[in-house]
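The values are calculated or read from the model by the stated rules, or taken from the named source; none is laboratory data. Owing to the predicted nature of the structure, the values given are computational and were not obtained by experimental measurement. No Cβ is skipped: glycine too gets one built from the backbone with ideal geometry, and neighbour counts run over all protein chains shown.
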Amino acid sequence: MAQLLSQTSSDTNVQGALDIELRKVFKVFDGEAAVRGVDLDIRQGEFFSILGPSGCGKTTLLRLIAGFETPTAGDLLIRQTSMVGIPPYRRPVNTVFQSYALFSHLTVEDNIAFGLKIQKMSRGEIQARVFEALRLVQLEPLAKRFPSQLSGGQQQRVALARALVNRPTVLLLDEPLGALDLKLRKEMQLELKRLHQQLNITFVMVTHDQEEALTMSDRIAVMNGGKLEQVGTPSQIYDRPQSQFVAEFIGDTNIISGKIEGSHPAMLWVKSDDGEKIQVQPTMSGQRLLTAGRVAINLRPEKIQLLRSDPRQDGMALEGMNCFEGSLVSTLYLGTHVNCVIRLQSGRTLLVRQPSPETVSKIAGPVYVLWSPQDCLALALPE
Amino acid sequence: MPPTSPKLPKLQISWQAWFTGLMFSFMYLPILVLAFYSVNESAVSAQWTGFSLKWYARFFHDGRIQQALLDSLKVALGSVSIAAVFGTLMAVGLSRYRFLGRDLYQNAVYLPLIIPDISIAVATLVFLAAISMPLSMGTIVASHVVFCLSYVSLAVSTRINSLDRHLEEAAQDLGATPFQSFRLVLLPQLFPAIVSGCLLAFVCSMDDFLIASFTAGGGINTLPMEIYSRIRTNLTPDLNALSVLLILASAFAVLLAEFIRYRSEQKRAI
């Protein structure tokens, strides 16, 4: 079923070949730079997400690729061809808009056929391809309806089919699931993943939802203030954030700022501003190892173990582990897990995620937090 | 037995209802009186002598009225068709492009609706004299285009500003050139607004006496001009009948415009 649709892209799909290249792209609106010198390679066939808070320039970046905006400076290539000066209607990309932008005066069928009719394709082929696209998004029974007669999720599928039927090199998705409720969004996430695998074309999705980006993407670019903060796989982004912004934007995290007191190729000793001595595995700062200066330690809440009795007295092997005593301040029940706030003796509070509510339901008295140096990450702070 | 109240609820009319009723009678009572006398058999308006449709029948034999109606229709159709094209383009241009003096232009579009007709009439006449343009039916059409443009542009602007800005982008994304996206996407979306704007403009053009009488060339006589000249000589009941017909036709046009607008909004309510 997907064979027809994916023909164009799978024929030429070479491992590692690039679909989109951005070279020092700038975009300035009325003296304000929305995109500042972005260098980005998007590989053929990957599911690529551009993630960032609102106003970070991610939608502008997508619109630059689609051709609705022209770069103020820099170059943009799709399949090794410069797209500067090429209008949107001559680019091998199609877009799914956040608002779907369906043509309300046309039926579902005619919406999907719009691009093919513009290409002056024969009636028979249009019919075949529209039918195939309808099947792909499971909307065959609704072909004769008007967009206003469809639910939000169905409209989303029409928008997808309308873009995919043209067999674009790259499918651009601008916050495609933003307007759907949570349950439908989860469904559509799976649906998008399925389509991506089935069609084997490059998907570029803009989103502000970090969870969505993490679960769906092959690679993610985190954007802030018009610049790329980090580009990498979801696990690189989550486990090895390269900047404070990325660490805080992706998921919950505890930030402990302090100063490096001693370093060793295998370990860093950091004294936090509140006096705790924390051992952290060393990290690269640019090309070299971080050995001195102020750092911010990032510690994911789920990496911390919560114990009711002092592990040192229990005779646990704590060599090289970080262990502190504290007390439970509050708990927040979240269904699959519990978030606890622990106040250490120094007064610092830590967010700790526990898998089951029973372990923390009624804790009075001291608790102990425990984590290994491998589970936290020191990022250099500017002096 | 359950205590079902045998008493009828006391009929209470709120002051708002009184006020509304008063307003409506103030607006429509004269028209009702007019309609009443239009079916009066008597040639003298003041007394009722019986029901008759003879005043209505008269129009079918009145060549002058028919000629005037024809002139009015020509003027209205001419000016509305010109205004439909330019008013639409104006609204699209104003909402989709940014250019120097755009805000000023946007406000100036609606000026003809605010400026008194007499000012437009005198200004047009003076202007035509200044450029030594002989008065004709063309000059009436030209002066009617001025306010018809405003009606069409107003209706289309309202619609276009409520449209998803991404619609044309979506069309271009799917391979349509800017012209194709205008013709295949924007125009069909705007069509109901264009029609309803045109109907309003049409009614106003048919209705206009002042501007037409200032800018009409010799031999051109629109319906309002004909009615006015007849009233000056003698007030005959056939004018009552004609007025009733005009009111009905106008009301129908306005209702039609409103219906088209309403239906299109229902359909597009996504």
Which ones in region B:171-198 are of a type in the set (Phe, Trp, Tyr) and either under 17 Å from A:PHE146 (Cβ atoms) or touching a His at 6+ places or on another chain (Cβ under 9 Å) (or both)? B:PHE191
Residues in region A:59-81 that are surrounded by 15 or more Cβ atoms within 10 Å (Cβ to Cβ) and within 22 Å of A:ARG219 (Cα to Cα) total 12
Can you find, within region A:78-91, the residue that is farthest from the other protein chains (Cβ to nearest Cβ) among those that are without any contact (Cβ under 8 Å) to a residue 40 or more places away in the chain and more than 27 Å from A:GLY178 (Cβ to Cβ)? A:SER82
Going by what's in this entry, would A:ASN94 be described as surrounded by 23 or more Cβ atoms within 10 Å (Cβ to Cβ), within 14 Å of chain B (Cβ to nearest Cβ) and in contact with a Phe, Trp or Tyr (Cβ under 6 Å, 6 or more places away or on another chain)? no
Within region A:42-58, of all residues that are in contact (Cβ under 8 Å) with a residue 60 or more places away in the chain and assigned to a loop (DSSP other than H, G, I, E, B), the one surrounded by the most Cβ atoms within 10 Å (Cβ to Cβ) is A:GLY52
If you scan region A:275-288, which residues turn out to be part of a strand (DSSP E or B) and modelled with pLDDT of 75 or more? A:LYS277, A:ILE278, A:GLN279, A:VAL280, A:GLN281
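A quick yes/no check of all residues on (1) modelled with pLDDT of 90 or more; (2) surrounded by fewer than 24 Cβ atoms within 10 Å (Cβ to Cβ); (3) over 26 Å from A:PHE48 (Cα atoms); (4) at the interface with chain B (Cβ under 8 Å from one of its Cβ atoms):
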position	(1), (2), (3), (4)
A:ARG123	yes, yes, yes, no
A:ALA128	yes, yes, yes, no
A:LEU150	yes, yes, yes, no
A:GLN154	yes, yes, no, no
A:ALA159	yes, no, no, no
One residue from A:LEU150, A:LEU192 being of a type outside the set (D, E, K, R), out of contact with any Cys (no Cβ under 8 Å at 6 or more places or on another chain) and over 17 Å from A:ILE112 (Cα atoms): A:LEU192
Failed item, numbered, when B:PHE179 is tested on (1) closer than 30 Å to A:VAL93 by Cα; (2) touching a helix residue (DSSP H, G or I) at 6+ places or on another chain (Cβ under 9 Å); (3) hydrophobic (A, V, I, L, M, F, W, C); (4) part of a helix (DSSP H, G or I): (2)
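Hey, among B:PRO116, B:PRO178, B:PRO134, which residue is within 18 Å of the chain's Cα centre (by Cα) and either free of Cβ contacts under 8 Å to residues at least 12 places away in the same chain or more than 30 Å from B:SER264 (Cβ to Cβ) (or both)? First the steps, then the outcome.
On the way: B:PRO178 fails: within 18 Å of the chain's Cα centre (by Cα); B:PRO134 fails: within 18 Å of the chain's Cα centre (by Cα).
The match here is B:PRO116.
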Could you check region B:24-36 and list, in sequence order, the residues that are within 13 Å of B:LEU245 (Cα to Cα) and either surrounded by 14 or more Cβ atoms within 10 Å (Cβ to Cβ) or modelled with pLDDT of 90 or more (or both)? B:LEU34, B:ALA35
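Can you confirm whether region B:158-173 contains a residue that is away from every other protein chain (no Cβ under 13 Å) and either over 30 Å from B:VAL75 (Cα atoms) or crowded, with 22+ Cβ neighbours inside 10 Å (or both)? Give the derivation first.
Taking region B:158-173 first, the residues away from every other protein chain (no Cβ under 13 Å) are B:158, B:160-161.
Going one step further and asking which of them are either over 30 Å from B:VAL75 (Cα atoms) or crowded, with 22+ Cβ neighbours inside 10 Å (or both), we end up with B:161.
Yes, the conditions are met somewhere in region B:158-173.
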B:LEU186 being within 14 Å of chain A (Cβ to nearest Cβ), among the aliphatic types (A, V, I, L, M) and touching a Gly at 6+ places or on another chain (Cβ under 7 Å): no
Can you pull out every residue in region A:226-247 that is within 18 Å of A:CYS376 (Cα to Cα), surrounded by fewer than 19 Cβ atoms within 10 Å (Cβ to Cβ) and of a type in the set (Val, Ile, Thr)? none
Pair list, Cβ under 9 Å, 6 or more apart: region A:260-275 residue touching a residue at least 12 places away in the same chain (Cβ under 8 Å) and within 13 Å of A:ASN322 (Cα to Cα), other residue charged (D, E, K, R) and outside any strand (DSSP E or B): A:VAL270/A:GLU276; A:SER272/A:ARG348
Output the residues belonging to region A:343-383 that are over 19 Å from A:VAL280 (Cβ atoms), among the aliphatic types (A, V, I, L, M) and either surrounded by fewer than 19 Cβ atoms within 10 Å (Cβ to Cβ) or at pLDDT 85 or above (or both). A:ILE363, A:ALA364, A:VAL367
